[in-house]
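First up is the structure itself, then whatever we jot down about it.
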Number of protein chains: 2
Amino acid sequence: MDSDQITELVEDIAARARRASLELATLPSETKNKFLAALADRLVAESGAIIEANALDLEAAEALELSAPMVERLTFTPERIAAMAEGVRQVASLPDPVGAEIEKLDPPKGFDLRKIRVPMGVIGIIYESRPNVTVDCAVLCLKSGNASILRGGKEAFHSNMKLAEIIRETLAATGISEDAVQLIPTTDRWALNALLKQDKTVHCIIPRGGESLIRFTVENSRIPVIKHYTGVCSVYIDAAADADMAESILINAKCQRPSVCNAAENLIVHQGAAELLPRLAKALHDNGVELRVDAKAKALLLASGLPLTDATEEDFHTEYNDLIISITVVADTAEAVQFINTRGSGHSDAIITGDAESAARFLNGVDSATVYHNASTRFTDGFEFGLGAEIGISTDRLHARGPMGLNELCTYKYVIHGKGEIK
Amino acid sequence: MDSDQITELVEDIAARARRASLELATLPSETKNKFLAALADRLVAESGAIIEANALDLEAAEALELSAPMVERLTFTPERIAAMAEGVRQVASLPDPVGAEIEKLDPPKGFDLRKIRVPMGVIGIIYESRPNVTVDCAVLCLKSGNASILRGGKEAFHSNMKLAEIIRETLAATGISEDAVQLIPTTDRWALNALLKQDKTVHCIIPRGGESLIRFTVENSRIPVIKHYTGVCSVYIDAAADADMAESILINAKCQRPSVCNAAENLIVHQGAAELLPRLAKALHDNGVELRVDAKAKALLLASGLPLTDATEEDFHTEYNDLIISITVVADTAEAVQFINTRGSGHSDAIITGDAESAARFLNGVDSATVYHNASTRFTDGFEFGLGAEIGISTDRLHARGPMGLNELCTYKYVIHGKGEIK
């Protein structure tokens with residue numbers, strides 16, 4: 001296909017998605033849940049066919065020079081398919097967000113005015129690597145009444161095509177328009193360009209992938225984008241911190257799963273807790289963490305004999321996604337707040353303290369999506385927040401901030417019942 | 001200034017706004033209200049100086065070939081300045097949106113998790129023509145804890161500069177950072193380009209102006225934009241409509257102020273209400289409205305002797321902002337819904353009916369920001385909704401849809417109080 005043909009294809013997909021979205025917006029919960037249950041069954045029943053399609057991607061992986069962890073994430077097994085199907089059943093069991101009354105307003109003229117949750121319309125999801133995202137995103141969009149346009153990466157092309165086929169057959173079998181979920185059937189970069197220009201029919205773009213994919217999307221999209229950048233999170237140990245709690249939360253935040261966005265990258269210690277620092281540094285070192293220290297932290301740790309690396313300013317802005325931590329010392333909570341607001345990424349930051357006033361200063365002052373008092377940053381997650389499911393963690397401030405569940409895939413409308421009121 | 005110097009200037013303005021926004025986020029309500037009260041007084045006291053600066057713009061208006069209505073909107077009088085000051089006092093009297101608890105969540109691990117309203121940070125406002133927007137937007141942003149960067153049009157340059165000077169002097173006198181409100185001191189187009197690239201420091205752009213200004217903003221911005229496009233609104237007269245109510249609401253929606261976005265542009269009549277159409281058409285004609293009719297409407301109106309114009313398909317997509325209306329006839333409510341969803345702009349649409357089932361079908365099915373049952377579309381407005389104030393009416397679906405008040409200028413953060421919880 002040449003670029004004109006791809007543009008035409010994408011325009012047609014977007015127009016069909018928009019028509020389907022108007023049907024989805026008023027679909028009863030029972031129909032949506034019937035589809036989800038049927039899809040879960042169908043995925044398990046088709047495990048063999050999914051694994052066959054997946055084998056084509058795995059064959060191609062070598063030519064694409066994918067790293068071992070990427071191949072691992074790409075691989076389907078019967079167990080992984082069963083887990084994916086279980087995820088679909090869980091979405092079916094969640095309450096339907098559509099139609100809920102968000103607020104009853106009090107207009108001066110006295111007519112009945114309510115703010116009601118409704119689907120956005122058409123959501124474009126742009127993702128890389130893991131093919132289970134195809135199913136995860138399709139079902140979250142559908143449950144929230146949205147049509148979805150999926151644009152997966154070339155490394156998972158055959159797996160994605162097979163999953164999309166199963167989804168669409170199940171939609172048709174349940175009496176829902178097949179156009180409710182569409183996968184763009186080409187990985188040509190031009191298709192992404194074309195999708196990002198469909199601002200008359202597509203209402204929101206969610207890129208799920210690395211920073212360069214998100215940057216490309218933001219720079220080329222006419223459609224609003226909800227960004228999911230990664231996290232530079234800090235743990236701040238206040239003067240009044242309980243020593244055991246400080247160690248336990250710090251080690252959990254840094255080490256339990258260092259590769260994720262809500263893991264800690266920076267440790268900030270109040271000078272009044274200076275005597276705690278050697279203990280914390282030893283615990284980090286014992287857990288395999290490399291210590292990068294500024295001059296103040298270094299002075300306090302020299303006697304410990306622990307291996308230390310000098311931290312640069314750049315280190316405190318860096319998401320390592322690895323067993324490395326940057327350490328600094330501050331004079332007070334105000335300085336910690338300032339440190340985080342100028343170096344962190346506004347994702348998740350924690351204070352450990354027994355001092356309520358210091359906690360309040362931190363929680364108010366730190367301009368991040370999630371702020372913690374005496375708990376690990378690792379809880380920033382849709383399931384841990386009780387949202388039931390998660391399409392991602394927004395690092396944006398408009399529309400959705402932090403974990404995004406079904407409610408965050410919706411917008412609202414104002415509904416007015418009058419008695420003939422005129423202005 | 002060359003383009004590099006302008007870029008440097010705008011980057012500096014944005015960085016200073018970001019720093020000021022962190023201060024504003026925790027500013028007590030009393031300080032913000034003290035500033036607003038002082039500003040209202042100051043505007044009245046400086047009326048003479050404002051009118052002097054305004055005179056320079058009015059002198060230049062001729063060279064810019066401004067139309068008479070544009071010159072009218074540009075002109076300051078002591079009365080208009082007093083009204084502007086009164087608007088500032090009203091904003092002072094509104095509740096502070098910052099810090100309100102939006103929701104208490106129920107996370108599985110049981111820690112205390114609340115969603116709290118907080119300012120967005122830095123908001124860029126791009127506007128044309130009326131200089132009072134400088135004051136309106138600055139005070140709404142400030143009350144909601146946001147720093148603002150204002151970019152007015154060249155036709156109001158001197159007025160805007162004077163107003164910004166008064167605002168900044170009043171900020172300084174109240175002990176708030178002057179950088180909380182900054183006007184870009186050049187109307188060079190390059191400054192707008194530069195502003196739209198400051199996505200590290202500016203969090204939201206609100207363009208207030210014509211369609212071409214909004215399009216330019218969307219196509220060039222890396223910062224999320226909340227669009228304020230205009231409205232193609234419909235009034236649908238159902239079979240079960242009360243005749244007097246139908247006429248009263250239709251005339252109000254079309255004629256009370258035809259130049260605004262919530263005025264009706266399309267009239268849709270159920271075939272079961274066909275006998276009502278001549279009466280409605282006559283009332284419109286008597287109010288000076290030109291009637292543009294499709295074939296079905298024409299057939300029903302031929303006998304009336306009223307002057308009729310043939311409507312094109314384009315007419316039903318057009319915002320006239322004038323005393324013109326397009327008229328069609330439909331078989332049922334489902335067709336009316338379909339007509340609106342494919343031709344309207346998703347702004348405000350009304351059904352007039354005594355039939356609750358038909359009303360429910362319309363209110364659910366029409367995919368617009370505001371849907372009315374038995375009331376005029378003219379109520380789509382922040383004040384009429386009881387929001388107290390309005391920065392505009394969003395035609396977007398993300399973040400804010402419909403009238404935007406102080407709450408809609410805010411985002412939220414999640415605040416967690418734990419007892420040492422780890423994952």
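If we keep just the residues of segment B:173-189 that are in a helix (DSSP H, G or I) and surrounded by 20 or more Cβ atoms within 10 Å (Cβ to Cβ), which is nearest to the chain's Cα centre (by Cα)? It would help to see each step written out before you state the result.
In the first step, residues of segment B:173-189 are kept if they are in a helix (DSSP H, G or I); the result is B:173-174, B:178-180, B:189.
Okay, now just the ones that are also surrounded by 20 or more Cβ atoms within 10 Å (Cβ to Cβ), so B:179-180.
Values: B:Asp179: 25, B:Ala180: 22 Å.
Within segment B:173-189, the match that is nearest to the chain's Cα centre (by Cα) is B:Ala180.
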Scan segment A:250-272 for residues that are part of a loop (DSSP other than H, G, I, E, B) and among the basic types (Lys, Arg) and report the count.
1
Identify, please: which residue in segment A:204-222 is in a loop (DSSP other than H, G, I, E, B) and farther than 21 Å from B:Leu196 by Cβ and is, among those, farthest from the chain's Cα centre (by Cα)?
A:Gly210
I'd like the full set of residues that are surrounded by fewer than 24 Cβ atoms within 10 Å (Cβ to Cβ) and away from chain A (no Cβ under 11 Å), limited to segment B:255-267.
B:Pro258, B:Ser259, B:Cys261
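When the residues of segment A:304-320 are narrowed to those that are surrounded by 15 or more Cβ atoms within 10 Å (Cβ to Cβ) and over 17 Å from A:Ala264 (Cβ atoms), which ends up nearest to the chain's Cα centre (by Cα)?
Of all residues in segment A:304-320, those surrounded by 15 or more Cβ atoms within 10 Å (Cβ to Cβ) come to A:304, A:306, A:308, A:311, A:315-320.
Okay, now just the ones that are also over 17 Å from A:Ala264 (Cβ atoms), so A:304, A:306, A:308.
On the way: A:Ser304: 39, A:Leu306: 36, A:Leu308: 34 Å.
So the residue we want is A:Leu308.
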Could you check B:Lys154 against (1) closer than 22 Å to B:Phe216 by Cα; (2) buried (at least 18 other Cβ atoms within 10 Å of the Cβ) and say which number it fails?
(2)
Evaluate the following for B:Leu301: is it more than 14 Å from chain A (Cβ to nearest Cβ), assigned to a loop (DSSP other than H, G, I, E, B) and surrounded by 15 or more Cβ atoms within 10 Å (Cβ to Cβ)?
no
For B:Ala240: the one exception among (1) within 11 Å of another protein chain (Cβ to nearest Cβ); (2) in a loop (DSSP other than H, G, I, E, B)
(1)
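Of A:Glu62, A:Glu86, which residue is under 26 Å from A:Thr186 (Cβ atoms) and either out of contact with any Asp or Glu (no Cβ under 7 Å at 6 or more places or on another chain) or touching a residue at least 12 places away in the same chain (Cβ under 8 Å) (or both)? Working first, answer last.
Numbers: A:Glu86 fails: under 26 Å from A:Thr186 (Cβ atoms).
Exactly one residue qualifies, and that residue is A:Glu62.
Among the residues of segment A:323-340, is any on the phi > 0 side of the Ramachandran plot and assigned to a loop (DSSP other than H, G, I, E, B)?
no
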Given the conditions (1) buried (at least 24 other Cβ atoms within 10 Å of the Cβ); (2) modelled with pLDDT of 95 or more, which single one is not true for A:Ile391?
(2)
Determine whether segment A:304-311 contains at least one residue that is closer than 22 Å to B:His417 by Cβ, in contact with a helix residue (DSSP H, G or I) (Cβ under 6 Å, 6 or more places away or on another chain) and among the aliphatic types (A, V, I, L, M).
no
Could you list, in sequence order, all residues of segment B:115-149 that are away from chain A (no Cβ under 14 Å), aliphatic (A, V, I, L, M) and over 16 Å from the mean Cα position of the chain (by Cα)?
B:Leu142, B:Ile149
Does A:Ile422 count as more than 7 Å from chain B (Cβ to nearest Cβ) and of a type in the set (Val, Ile, Thr)?
no
Go through (1) surrounded by 24 or more Cβ atoms within 10 Å (Cβ to Cβ); (2) in contact with a helix residue (DSSP H, G or I) (Cβ under 7 Å, 6 or more places away or on another chain) one by one and return the number of the condition A:Asn252 breaks.
(1)
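From the list B:Thr328, B:Thr380, B:Thr342, B:Thr353, exactly one residue is without any contact (Cβ under 8 Å) to a residue 12 or more places away in the chain and either over 17 Å from the mean Cα position of the chain (by Cα) or within 13 Å of chain A (Cβ to nearest Cβ) (or both). Which is it? Quick ask: steps written out before the conclusion?
Numbers: B:Thr328 fails: without any contact (Cβ under 8 Å) to a residue 12 or more places away in the chain; B:Thr380 fails: without any contact (Cβ under 8 Å) to a residue 12 or more places away in the chain; B:Thr353 fails: without any contact (Cβ under 8 Å) to a residue 12 or more places away in the chain.
Of the residues listed, the single one that is without any contact (Cβ under 8 Å) to a residue 12 or more places away in the chain and either over 17 Å from the mean Cα position of the chain (by Cα) or within 13 Å of chain A (Cβ to nearest Cβ) (or both) is B:Thr342.
Looking for whichever is of a type in the set (Asp, Glu), farther than 25 Å from A:Trp190 by Cα and within 14 Å of another protein chain (Cβ to nearest Cβ) here; the options are A:Glu46, A:Glu52, A:Glu79, A:Glu23. Which one fits?
On the way: A:Glu46 fails: within 14 Å of another protein chain (Cβ to nearest Cβ); A:Glu52 fails: within 14 Å of another protein chain (Cβ to nearest Cβ); A:Glu79 fails: within 14 Å of another protein chain (Cβ to nearest Cβ).
Only one candidate passes the filter, namely A:Glu23.
Filter segment B:390-423 down to the residues that are among the acidic types (Asp, Glu) and assigned to a helix (DSSP H, G or I) and list them by number.
Narrowing segment B:390-423 to residues among the acidic types (Asp, Glu): B:390, B:396, B:408, B:421.
Within segment B:390-423, B:Glu408 is the sole residue that qualifies.
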Suppose we filter B:Pro97, B:Pro107, B:Pro78 for residues that are of a type outside the set (Ser, Thr, Tyr) and free of Cβ contacts under 8 Å to residues at least 12 places away in the same chain; which single one remains?
B:Pro107
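Mind checking which residues of segment A:1-35 are of a type in the set (A, V, I, L, M) and either in contact with a strand residue (DSSP E or B) (Cβ under 7 Å, 6 or more places away or on another chain) or crowded, with 22+ Cβ neighbours inside 10 Å (or both)?
Just the residues of segment A:1-35 that are of a type in the set (A, V, I, L, M), to begin with: A:1, A:6, A:9-10, A:13-15, A:17, A:20, A:22, A:24-25, A:27.
Residues satisfying the conditions are A:Val10, A:Ile13, A:Ala14, A:Ala17, A:Ala20, A:Leu24, A:Ala25.
Go through segment A:409-419 and give me each residue that's more than 7 Å from chain B (Cβ to nearest Cβ) and among the aliphatic types (A, V, I, L, M).
Let us first name the residues in segment A:409-419 that are more than 7 Å from chain B (Cβ to nearest Cβ), namely A:409-410.
Selection gives A:Leu409 alone.
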Only helices (runs of 4 or more DSSP H) wholly contained in segment A:1-100 count here; list those with 2 or more residues that are among the aliphatic types (A, V, I, L, M), more than 17 Å from A:Asp136 (Cα to Cα) and modelled with pLDDT under 95.
A:47-63, A:68-74
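Every residue, every condition in (1) buried (at least 22 other Cβ atoms within 10 Å of the Cβ); (2) more than 7 Å from every other protein chain (Cβ to nearest Cβ); (3) in contact with a helix residue (DSSP H, G or I) (Cβ under 6 Å, 6 or more places away or on another chain); (4) not aliphatic (A, V, I, L, M), yes or no:
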| position | (1), (2), (3), (4) |
| --- | --- |
| A:Glu357 | no, yes, no, yes |
| A:Arg361 | no, yes, yes, yes |
| A:Val366 | yes, yes, yes, no |
| A:Ala369 | yes, no, no, no |
| A:Pro403 | yes, yes, no, yes |
| A:Asn407 | no, yes, no, yes |
Quick one: what pairs do we get from segment A:178-207, first residue over 23 Å from B:Leu398 (Cβ atoms), second among the polar types (S, T, N, Q) and buried (at least 20 other Cβ atoms within 10 Å of the Cβ), C-beta under 7 Å, 6+ apart or different chains?
A:Leu183/A:Thr134; A:Leu183/A:Asn160
Condition check for A:Glu275: exposed (fewer than 15 other Cβ atoms within 10 Å of the Cβ), not β-branched (Val, Ile, Thr) and not in a loop (DSSP other than H, G, I, E, B):
yes
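Conditions (1) buried (at least 24 other Cβ atoms within 10 Å of the Cβ); (2) at pLDDT 95 or above; (3) not in a helix (DSSP H, G or I), marked per residue:
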| residue | (1), (2), (3) |
| --- | --- |
| A:Ala138 | yes, yes, no |
| A:Asn160 | yes, yes, no |
| A:Arg168 | no, yes, no |
| A:Leu171 | no, yes, no |
| A:Ala191 | no, yes, no |
| A:Gln198 | yes, yes, yes |
| A:Thr201 | no, yes, yes |
| A:Val235 | yes, yes, yes |
| A:Ser248 | no, yes, no |
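The values are calculated or read from the model by the stated rules, or taken from the named source; none is laboratory data. Since this is a predicted model, take the numbers as computed values, not measurements. Cβ sites come from the backbone with ideal geometry, for glycine too, and all protein chains shown count toward neighbours.
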